[in-house]
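Please treat every number below as a calculation from the coordinates, not as lab data. Keep in mind it's a predicted model, so treat the numbers as computed, not measured. Methodologically, a virtual Cβ is constructed for each residue, glycine included, from the backbone with ideal geometry; neighbour enumeration extends over all protein chains shown.
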Amino acid sequence: MATTCCKGIVRGRTVILKGRPKLREGTEVVVTPVEHPIGSPQAVLEALRESPPVRHQDVVELLRLIDEGKRPVRYDNPLTRGTKAEAR
């Protein structure tokens with residue numbers, strides 16, 4: 001068995017190899033997926049590549065709904081109402 005090692009990426013049901021590996025047509029290969037640790041830059045990039053496209057209108061609508069749902073900030077503490085701490 002040859003010791004040539006190539007990196008690549010899966011697109012659909014096809015493995016696209018990086019660079020120009022010296023493999024003849026019909027060469028049998030073994031493909032081993034590379035697992036990246038959760039939160040690593042590689043894992044984040046992979047997740048972004050696999051995420052569905054987001055339309056601009058959807059982002060605008062989400063931001064509008066977030067603004068619409070905002071509530072005013074309360075600075076009082078409901079746990080200390082009616083106590084001496086509130087009188088300060």
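Relative to the longest principal axis of the Cα atoms of the chain, the long axis of helix 41-50 lies at roughly 90 degrees. Residues whose amide H falls under 5 Å from that of residue 8, counting only those 5 or more places apart or on a different chain, are 18, with hydrogens built in the peptide plane.
Can you quote the Å³ per residue value for the convex hull of the Cα atoms in the chain, rounded to an integer?
228 Å³
Only helices enter the 222 nm calculation for the chain: every DSSP H run of n ≥ 4 contributes -39,500 (n - 2.57), and dividing by all residues gives -8500 deg cm²/dmol, rounded to 500.
Here the extension length gained between residue 16 and residue 66 equals 13.9 nm, from 0.36 nm per residue of separation less the Cα-Cα distance.
With a simple spin-label model that places each label point 7 Å from the Cα along the Cα-to-Cβ direction, the separation between residue 59 and residue 25 comes to 4.5 nm.
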